[in-house]
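Each remark here refers to the structure printed beneath this line.
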Amino acid sequence: MARAFPIQIAPSMMCADIWQLAEQVHQLEQAGVDYLHFDIMDAHFVPNMPVGLVFLEQLRPHTQLPFDVHLMVDNNDFFVPLLVAIGVQSISVHVESAVHLDRTLTLIRSHGIKAGVALNPATPLSVLRYVTEQMDYVLIMTVNPGFAGQRMVPSAYRKIRDCCLFLQENGVDIPIQVDGNVSFDRIPHMVAAGADILVTGTSSVFHRDGTLLENIARTRQAIAEGLRMRRHDNLRIT
Ligand code: DX5
Ligand code: ZN
């Protein structure tokens, strides 16, 4: 399956060490990651609240890295103008919480910000059918959202591949972002299945057994393996 997007790394900042944050962001910049991924949770759509908007606001002036925000909230439209004011570059909203998804995606784009649609593991791809023109990327949750350190759901590889096929069938050429247990072992299979943007947390970039730089190097090796598998299209979907 031909996919033309470069594979991008988006460290999940809820997994960063708040005490070492400035140094970690500097290392991430040096290592050439593509985004900083921020999980904004309202403790209602998901039972957690790892970081608040002040975290992004205070970090914003200190790095040029694009801010990729993943909203896991009930009231998406409340957060969009606040994120615009902070200066983020992409916002994904969950289809499961977006009562007026088309309107919210249009609102995000009206500010010149990329709009993504996030799907929980059990949500079928068919919900995307009538917003394919309003979205800039799809976020496939490969864990049930809300917490770091979880195990990938069994359907993840198949869903990534199905999402690839869905986008191709609908003539939509946009990247697929994956989020949750994006580990050194799973990255090759996720990339081979069609993942383009990797949200990397405690399973890879912030893995406790290595330094950030070591972990990013391992992540890039895993990406290379995934691209080799993709070329030979020998994904074994279990
Ligand atoms: C899950 C979070 C992710 C991710 C964290 O809701 O959105 O940031 O799971 O990374 P892992 O899963 O590797 O700890
Ligand atoms: Zn996320």
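The values are calculated or read from the model by the stated rules, or taken from the named source; none is laboratory data. In this text the structure is predicted, and so the values were computed from the model without any measurement. Methodologically, a virtual Cβ is constructed for each residue, glycine included, from the backbone with ideal geometry; neighbour enumeration extends over all protein chains shown. Accessible surface areas use protein heavy atoms only, side chains included; no ligands, DNA or RNA. Shrake-Rupley method; radii C 1.70, N 1.55, O 1.52, S 1.80 Å.
Look at I140 and say whether it is in a helix (DSSP H, G or I) and either open to solvent by less than 50 Å² (accessible area, probe 1.4 Å) or in contact with a strand residue (DSSP E or B) (Cβ under 8 Å, 6 or more places away or on another chain) (or both). No; evaluated as a whole, the condition is false for this residue.
Here's the yes/no breakdown for (1) more than 17 Å from A10 (Cβ to Cβ); (2) away from ligand 1 (no atom under 16 Å from the Cβ); (3) free of Cβ contacts under 8 Å to residues at least 40 places away in the same chain; (4) among the hydrophobic types (A, V, I, L, M, F, W, C):
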{"site": "M72", "(1), (2), (3), (4)": "no, no, no, yes"}
{"site": "D77", "(1), (2), (3), (4)": "yes, yes, yes, no"}
{"site": "V84", "(1), (2), (3), (4)": "yes, yes, yes, yes"}
{"site": "T104", "(1), (2), (3), (4)": "yes, yes, yes, no"}
{"site": "G112", "(1), (2), (3), (4)": "yes, yes, yes, no"}
{"site": "P124", "(1), (2), (3), (4)": "yes, yes, yes, no"}
{"site": "R129", "(1), (2), (3), (4)": "yes, yes, no, no"}
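Inside the range 162-210, residues that are outside any loop (DSSP other than H, G, I, E, B), within 18 Å of S126 (Cα to Cα) and either free of Cβ contacts under 8 Å to residues at least 24 places away in the same chain or open to solvent by 10 Å² or more (accessible area, probe 1.4 Å) (or both) make up a count of 5.
Once the range 143-161 is narrowed to residues that are open to solvent by less than 10 Å² (accessible area, probe 1.4 Å) and more than 12 Å from ligand 2 (Cβ to nearest atom), the residue that is farthest from M14 (Cα to Cα) is I160. A Cβ distance below 6 Å, combined with a sequence gap of six or more or placement on separate chains, defines the contacts here; from the range 88-100, residues that are over 12 Å from V69 (Cα atoms) reach residues that are of a type in the set (S, T, N, Q) and open to solvent by less than 10 Å² (accessible area, probe 1.4 Å) in the pairs A98/N76; A98/T104.
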